[in-house]
Structures are given as structure tokens and as C-alpha cells.
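A.B. asks: The structure that follows is given in the form of C-alpha cells.
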Amino acid sequence: MSVRENTISILVNNTPDVLARIAGTFSGRGFNIESISANVTINPDVTKIIITTIGDQDTVTKLEKQLNKIVDILDVKDLTDVASAQREMILIRMKVTDVNRDRLKQTVDTHGWKVVSTAADCRILEVTGDRQEIDRALTVLEPMGLDDFTRTGIVALEQCKS
Amino acid sequence: MKLTGAQVLFNALQQENVDTIFGFPGGAVLDIFDELFRRDIRHILVRHEQGAIHAADGYARASGKVGVCLVTSGPGATNTVTGIANAYMDSIPVVILTGQVATSMIGGDAFQEVDITGITRPCTKHNVLVRRIEDLGRTVREAFHIARSGRPGPVLVDLPKDVIRDVIDENDISWSVTIPNNNNNKHASIPEQCMAAIDMLGKAERPLIISGGGVLLGNASNEFRTFAKKLNIPVTSTLMGLGGFPASDPLWLGMPGMHGTYYANMAISNCDLMVAIGVRFDDRVTSKLDAFAPHARVLHIDIDPASIDKFVKSHLSIVGDCKPILEYLNQRVSENGFSMAQTQGWLNQIDLWKKHAPLTYCRSEKIKPQHVVETLYRLTGGNAIISTEVGQNQMWAAQFYHFDYPNSFISSGGLGTMGFGFPAAIGAQVASPDRIVVDIAGDGSIQMNIQELATAVNYNLPVKVVILNNGFLGMVRQWQEMFYEKRYSHSDIDNVPDFVKLAEAYGAVGLRATRPEEVESILRQGLDTPGVVVMDFHIEPEEGVYPMVRPGAALTEMVLSKERVAA
């Protein structure tokens with residue numbers, strides 16, 4: 001079976017230790033968390049956690065079954081092959097000098113990226129997109145004075161069933 | 001009316017019909033023990049918290065009820081961890097109540113503080129730190145519900161001292177048990193799956209049933225026996241499944257796996273249909289996975305979907321409680337139109353295997369452990385509850401005491417916990433005061449919780465301990481003999497105590513047998529003596545457990561005895 005990145009969407013009761021339970025299930029049973037994002041849902045007592053993990057279908061099925069045993073987990077969905085939107089966000093800090101100032105502005109404008117914080121010699125850019133788009137943004141910005149970045153895990157939402 | 005947290009706790013226990021607790025007091029649980037003083041609940045004071053959790057476990061296994069254990073914070077709580085892991089591996093319903101420092105102190109490295117919910121997260125079915133008295137009653141009731149529902153398991157409830165001392169108006173207590181949606185209960189249609197199963201059963205020419213602890217936990221022994229007898233399918237039961245099918249039945253093949261019978265392992269290796277009921281295919285059962293049941297289509301019935309296809313791929317699975325599933329199958333099988341394929345040739349073949357290599361041992365001038373177990377079986381008419389420690393004693397008990405009834409064999413299957421058997425026997429004796437309870441022990445294992453002799457004597461729980469004393473950590477020694485060229489590194493216990501004197505020191509009766517001809521009389525005397533009796537049998541020091549499948553080998557590659565390898 002082919003190994004690939006899988007996106008798992010988990011609905012949980014918003015208890016203090018539910019993240020530890022999920023992380024423990026991954027580490028204790030030999031699965032790996034590639035990226036994670038979590039926040040409350042429409043119902044503030046319920047949190048949605050999106051985890052990406054690398055493995056074949058067999059591994060993901062086993063993982064889903066183990067996660068479903070956690071009492072505070074309400075639902076587990078594998079979104080990998082489901083019609084869904086999957087996005088990440090990245091904040092990128094760029095050093096600004098007289099040499100790159102104009103070119104950076106032009107690049108940001110061309111791509112429709114946002115400048116979310118400005119200092120005398122720094123800009124923080126916000127880019128959202130799927131993983132490839134973020135990777136491409138990094139490739140473009142890297143030679144232009146990239147200083148640091150923070151990248152979120154994937155957030156994903158399945159399309160409504162028609 | 002105002003109630004304290006301690007009162008709410010005991011009201012919750014009362015609602016769950018708890019009449020017995022195994023525990024040990026300490027600073028963080030003084031208020032709970034103070035309330036216990038006024039309550040009509042039996043408390044068995046152990047001598048070590050590990051004894052409390054194992055006793056609660058043994059109580060649960062013998063009674064089918066949820067076992068309850070109450071200990072203090074910090075070391076009291078950590079002392080239960082091995083027992084919690086033990087109950088978790090064997091899916092035993094136990095509720096562990098631990099004291100905790102006051103909520104305002106949590107996280108500050110207070111005296112006797114430990115993050116016990118953190119420590120036990122991977123070895124409990126669920127655990128909760130109760131932060132508010134409003135949640136206390138509901139949480140305790142939920143713990144019992146979770147412990148016994150679905151695939152059972154241990155649930156720990158951590159009780160901070162201030163929550164227990166707090167007061168609440170009776171009307172403000174929430175009792176309603178709300179268990180989050182359990183996705184593992186979303187099963188496919190059972191009738192549909194059962195019809196497919198019946199189709200598989202009808203076509204099989206070499207069918208075999210492998211049953212496990214799930215049959216006992218599901219209280220399905222009667223339905224299971226009917227099923228196997230109706231279809232005339234031979235049965236092998238794992239260590240955890242012993243007693244789920246009568247060992248005296250001709251369809252019975254004994255235990256499979258590493259120390260399973262030749263014929264059970266041959267049947268697994270040659271069957272064309274394996275019906276697996278309430279088993280999780282432990283590595284001690286399957287040995288080399290690629291060579292396990294290589295010709296079989298697998299029908300797997302289990303309550304835990306995570307057990308399905310975990311190691312052994314099933315061709316058909318039915319997820320659910322095995323009792324109603326077996327009832328349904330039995331009904332359908334009784335209807336007109338169902339017939340089995342011709343299986344007589346298969347049954348004849350199994351008989352030949354049984355004759356080729358029966359479970360046996362050689363007598364000698366020294367006491368043979370198998371002889372002790374066989375004699376114990378005969379003298380108790382197979383009616384005793386047998387607990388075991390772990391290692392050779394456990395395997396000899398499993399092989400030579402023939403279990404006809406459910407909930408009669410109490411043994412640490414998954415975790416393999418030395419020191420389990422004796423406190424578990426105490427718990428079983430509390431649950432079944434009218435039955436003979438015997439712990440079959442080794443001289444190594446019995447020393448791991450020997451202090452519980454005081455508990456047994458204290459409460460006049462007449463547990464009989466049969467020590468198969470070989471002066472070795474016997475199973476370790478056997479592996480060293482077979483795989484480490486007899487380098488007996490630290491398996492030779494040089495200084496075994498005088499168990500007779502030790503028993504007497506605790507106020508129990510101690511007996512000793514050193515020659516084969518003494519075995520029966522000492523066992524008789526021990527069983528006839530009221531109260532706690534320790535029987536010390538000095539056995540052949542280098543006796544091995546056979547058959548044995550080397551770790552990682554195929555089930556067909558059995559060493560049948562020191563001299564004989566399976567052909």
C-alpha cells in the first residue's frame with residue numbers, strides 16, 4: 001500500500017488533557033504527527049483538531065480505530081480522499097534593505113500577499129494557501145532576505161454533501 | 001441538605017452498588033476514610049497498594065462486577081500503576097480512586113503530589129481529575145459506566161483533597177451520566193454479517209474456533225458452548241479464554257501458542273476456517289505471523305474494532321458483544337436449510353494429532369509440578385478458582401488444571417505481572433467466599449507480594465497458596481537453558497526463604513512436601529485446613545514447560561519435550 005500524507009479531522013470534548021491523550025496515542029502506538037492545528041468550533045465545548053500524518057491506508061485505519069477509543073473524542077474523519085478545502089497559513093519575516101525594498105513590494109503585490117506588520121527594517125508577510133502554494137512562496141522569498149517564519153498546521157474542512 | 005465531597009463520593013458508590021473496596025489510607029484521602037468509617041461498605045486493608053489493585057482485579061474477574069480500589073496520592077497512586085496496566089491489558093473493569101493534593105497546590109510539587117492522570121493515561125481506558133465538587137458524583141458514576149461498557153478496562157478518578165472536603169447542596173449535584181458518543185459502537189448490521197458468517201461456516205471443511213477472554217467478559221460461555229457443540233467445531237482457547245469452554249469436552253484442544261498443545265497448534269496451522277471469538281491475537285498466541293493459520297479464512301468476532309485486522313487479517317468481521325451475536329448465530333444455525341460441509345476427516349485428523357503428542361510429562365524421584373497441579377485438579381474436582389503468578393507456574397496451571405467453568409482461572413495474561421496471583425486470589429476469595437481459591441505460585445513470584453499474607457490472615461480469607469518451588473526464576477532459567485547455553489544469569493535464587501516459617505510468622509499455616517509421594521497428602525491437608533495455608537512443594541529444579549514454540553518460530557515448529565522436537 002502506498003505511503004502518503006493523510007489529513008485526519010478529529011472532534012473532541014474541550015477538556016484540558018484531550019490533546020495529551022491524542023498525542024499519547026500517536027506516540028505510544030508508533031504513529032507520527034506531521035502537523036497539527038486545533039481550535040474551538042461553533043460549539044465552544046467542542047474543539048476540532050486537524051492532524052496530518054504519513055502512512056499507508058492500513059496505518060491510518062488502525063490509527064482511526066485507536067483514536068475512536070478515547071472517551072473524549074466525538075468523531076474521527078479521514079479527509080484525505082474527501083472533497084475538502086485544506087489550507088495552511090505562514091507568517092514570514094523579511095529583512096528590508098534599500099537593495100530589496102522595491103523588489104519585495106512588487107513581489108508581494110503581484111502575489112496578493114498581505115503585509116501584516118511593518119517596522120523600519122522588517123516586514124511580516126501573511127500567506128495562506130495549500131501546502132504547495134506556501135512552499136512556492138518560500139522559494140520565491142528565500143533569496144530576498146527571508147529572516148524567519150512560523151507555519152501553522154493544515155486546517156481542513158470537508159465540502160458539504162450534495 | 002449539605003453534603004461533603006466524601007459523602008457525595010460514597011453516595012455515588014452506593015448508586016453503583018459497590019459493597020467492597022480494596023485500599024490503603026494516607027494523607028490526601030483521610031476525609032474519604034473518615035466517611036468510610038461511617039458507611040456500610042466492606043473495606044479490605046491491604047499491606048501494599050499494588051495488592052489493592054490486583055485484589056480489585058481478581059475480585060472483578062471472579063465476580064463479573066467492577067472492582068474498586070482506593071489509595072492515597074503520590075506513592076499510593078504510583079504503587080497501583082503496574083496493577084492498572086495489568087487490568088488494562090486484560091480488559092478488566094476496575095475503578096481506581098486516588099487521592100490528590102488540593103487543587104490550589106496542583107503543579108507545585110506539593111508533598112505526595114504526582115500527576116497520576118498523566119502517568120496512567122496510556123494504561124487506563126479513561127481517567128479524570130475532578131476539579132469541582134459539582135462534577136464529582138457524575139464523574140464517579142461515569143467511571144463505572146466506562147469501566148464496564150464495551151471492551152471493559154480500568155478507569156482512574158483522581159480526587160483532590162479540597163474537592164473531597166468541599167460542601168454542596170444536595171440539589172446542586174449532577175448525577176446524570178453523559179458518555180460522549182462512542183464511535184466504536186457504530187457497527188455494521190449484525191444480522192447481515194451473521195448471514196455471511198453462516199455461509200462461511202457451511203462451506204468450511206476444516207473449521208476451528210479460537211476463543212479468548214472476550215467470551216468470559218461478555219458472559220457468553222453458554223451461548224458459545226451451544227455454538228461449538230451444535231456445529232461440532234473443535235475449540236482452542238487462549239490463556240485468557242480458559243474456562244469459556246469446558247476443558248473436559250471432546251471438542252476441546254487445549255491452549256494454543258507458545259506453550260499450547262501440539263494438536264491445537266497443528267489445528268491452527270491446517271484449518272481452512274478460523275472462527276476467532278473475543279481474541280486479540282497476542283504474539284504469544286500467533287508466534288510468527290506469516291505462518292499463522294496460513295490456509296484459513298478468518299471470521300473475527302470482537303467487541304473492539306481496533307482488535308480486528310490489527311495483526312491477523314480477517315475475511316469477515318463482526319464487531320459487537322459476542323453474547324447476542326452467538327445467540328443470533330445459534331438461532332440461524334438451528335433453522336432448516338443449514339448444513340455443515342463434511343468435516344469428519346478433519347476431526348479424525350485432530351484425533352491423530354492428539355494421540356501423536358498428548359500433553360504429558362515424565363515422573364521422576366523429585367516432585368513434578370505437573371503432578372502437583374493434576375492432583376490439585378483431582379482433589380478439588382475442578383471446582384476451585386485458580387489464580388496464578390507468572391512464568392512456569394502459570395503455564396503448568398493452564399495446561400494441567402482443566403477448566404470447565406468460566407471465571408475460574410485468574411491470571412495475568414497480557415502484562416505478565418509477577419506478584420499478581422496472590423492478591424488477585426484474595427480479591428477472588430472476597431467475591432466468592434464459598435469457593436476454594438488457590439494461588440498457584442512460583443518461589444520467585446510469591447515473594448513479590450508476600451506481604452498480603454497479613455491481609456488474607458487479617459480478614460480470614462482462606463486462600464491456599466501452592467508454591468512450585470524450584471529455587472529458580474523458572475521461566476527465565478528455561479529460556480537461558482534453551483537460548484543462552486545454560487548461562488543462568490541471575491535466575492538462580494540463592495536464598496529462598498523458609499515458606500513454612502514465613503507462613504507461620506504471618507499467622508498462616510505452612511506445609512511442605514519434598515517427595516512425590518507426599519504431594520497428595522500435603523494437598524489434602526492444605527485444602528482441609530481452615531484459613532490461609534501456604535504449601536511449599538520442592539519440585540524438580542530444572543523442569544521445563546513443554547510444548548514450546550521458540551519466539552519468532554512458526555506454530556508447527558514445536559519442541560515437545562527436552563528430548564523431542566515435533567516432526
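Each reported figure results from applying straightforward, stated rules to the coordinates on display, with no laboratory input. This one's a predicted model, so the numbers in the text were calculated from it and none came from an experiment. Virtual Cβ from ideal backbone geometry, glycine too; neighbours counted across all protein chains shown.
A.B. asks: Using bins 5 angstrom wide from zero, how does P(r) for the range B:466-514 break down, in % of all Cα pairs?
C.D. replies: 5, 19, 22, 17, 14, 11, 7, 4, 1
A.B. asks: As an exercise, identify the trypsin sites (Lys or Arg not before Pro) in the range B:486-547 lying in DSSP coil whose Cβ has no more than 14 other Cβ atoms within 10 Å.
C.D. replies: Those that pass, being in a loop and sparsely packed, are B:Lys486, B:Arg487.
A.B. asks: Same structure again: Ignoring solvent entirely, what values of log10 I(q)/I(0) come out of the Debye formula for the range B:229-277 at 0.14, 0.17 Å⁻¹ when each Cα is a single scatterer?
C.D. replies: -0.30, -0.45
A.B. asks: Relative contact order, percent, of chain B when contacts are C-alpha pairs under 8 Å separated by at least 6 residues? Intermediate values should be presented prior to the final figure.
C.D. replies: Working: 1286 pairs, mean separation 79.3, N = 567.
So the answer I get is 14 percent.
A.B. asks: To one decimal place, what Kirkwood hydrodynamic radius in Å is obtained for the range B:112-186 from all pairs of distinct Cα atoms?
C.D. replies: In the range B:112-186 this quantity evaluates to 13.5 Å.
A.B. asks: Give me, ordered by chain and number, the residues 5 or more places off B:Asp166 or on other chains with an amide H under 5 Å from its own placed amide H.
C.D. replies: Those qualifying (amide H under 5 Å, at least 5 residues apart or on another chain) are B:Gly5.
A.B. asks: Here is a further query. Determine by what factor the alpha-carbon radius of gyration of the range B:423-567 differs from 2.2 N^0.38 Å, reporting the quotient.
C.D. replies: Relative to the 2.2 N^0.38 Å estimate, the range B:423-567 comes out at 1.19.
A.B. asks: Further question on the same structure: Compare the Cα positions of B:Met548, B:Phe537, B:Ala508 along the charge dipole of the range B:499-567 (+1 at Cβ of Lys, Arg; -1 at Cβ of Asp, Glu; about the Cα centre) and return the one farthest towards the positive end.
C.D. replies: B:Met548
A.B. asks: Just tell me the longest site-free run in chain B, where the sites are GluC sites (Glu not before Pro) in a DSSP loop having at most 10 other beta-carbon atoms within 10 Å.
C.D. replies: Working: sites that count: B:Glu335, B:Glu365, B:Glu485, B:Glu563.
No qualifying site falls inside B:1-334, the longest such stretch.
A.B. asks: Separate question: So in chain B, what percent of DSSP beta bridges are antiparallel if you round to the nearest 5?
C.D. replies: Once the DSSP bridges in chain B are tallied, antiparallel ones form about 10 percent.
A.B. asks: Could you work out the mean projected area of the convex hull around the alpha carbons of the range B:166-273, in square nanometres to one decimal?
C.D. replies: One quarter of the hull surface, i.e. the mean projection, equals 11.9 nm².
A.B. asks: Give a residue-ordered list of calculated ³J(HN,Hα) values for the range A:96-108 (Karplus: 6.51 cos²θ - 1.76 cosθ + 1.60, θ = phi - 60°; whole Hz; x for Gly, Pro).
C.D. replies: Per residue, the Karplus-derived 3J(HN,Hα) values read 10, 10, 4, 5, 9, 3, 5, 5, 5, 4, 4, 5, 4 Hz.
A.B. asks: Another one. Before anything else, pin down the relative contact order of the range B:463-567: Cα pairs under 8 Å, at least 6 apart, normalised by residue count, whole percent. Don't skip to the answer; put the middle values down first.
C.D. replies: Working: 151 pairs, mean separation 31.2, N = 105.
After rounding, I find 30 percent.
A.B. asks: Return the average number of partner chain Cβ atoms within 10 angstrom of each residue Cβ along peptide A:61-70.
C.D. replies: Per residue, the number of nearby Cβ atoms from other chains is 5 on average.
A.B. asks: What shape does the range B:319-405 have by the C-alpha gyration tensor, where a ≥ b ≥ c are the square roots of the eigenvalues, rounded means a/c under 1.5, and otherwise prolate means a/b greater than b/c and oblate the rest?
C.D. replies: In terms of gyration-tensor shape, oblate.
A.B. asks: Something else about it: In terms of the ratio Rg/(2.2 N^0.38 Å) built on C-alpha atoms, what value belongs to the protein assembly as shown?
C.D. replies: This ratio for the protein assembly as shown stands at 1.10.
A.B. asks: Along each principal axis of its Cα atoms, how long is the range B:45-187 end to end? Whole angstroms, biggest number first, please.
C.D. replies: Computed over the Cα atoms, the extents are 41, 37, 25 Å.
A.B. asks: How large is the helix-only mean residue ellipticity at 222 nm for chain B, computed as the sum of -39500 (n - 2.57) over DSSP H runs with n ≥ 4, divided by its residue count, in deg cm²/dmol to the nearest 500?
C.D. replies: Working: 22 runs with 207 residues, N = 567.
After summing the helix terms and dividing by the residues of chain B, the value is -10500 deg cm²/dmol.
A.B. asks: How big is the range A:101-162 on each of its three principal axes, counting only the C-alpha atoms and giving the largest first in Å?
C.D. replies: Result for the range A:101-162: principal-axis Cα extents of 49, 21, 19 Å.
A.B. asks: Can you give the convex hull volume per residue for the Cα atoms of the range B:490-559, as a whole number of Å³?
C.D. replies: Convex hull volume per residue, Cα atoms: 156 Å³.
A.B. asks: Once you've got the Cα coordinates, tell me which of B:Lys229/B:Lys313; A:Lys69/B:Lys229; B:Lys65/B:Lys323; B:Lys230/B:Lys288; B:Lys125/B:Lys310 are over 29 Å apart.
C.D. replies: Cα-Cα > 29 Å for A:Lys69/B:Lys229; B:Lys230/B:Lys288; rest within.
A.B. asks: Now for a different question. Per 5 Å bin, what is the whole-percent P(r) computed from every C-alpha pair distance within chain A?
C.D. replies: Each 5 Å bin holds this share of Cα pairs: 2, 8, 16, 17, 14, 12, 11, 9, 7, 3, 1, 0.
A.B. asks: Related question: For chain B, state the average projected area of the convex hull of the C-alpha atoms over all orientations, rounded to one decimal in nm².
C.D. replies: 26.6
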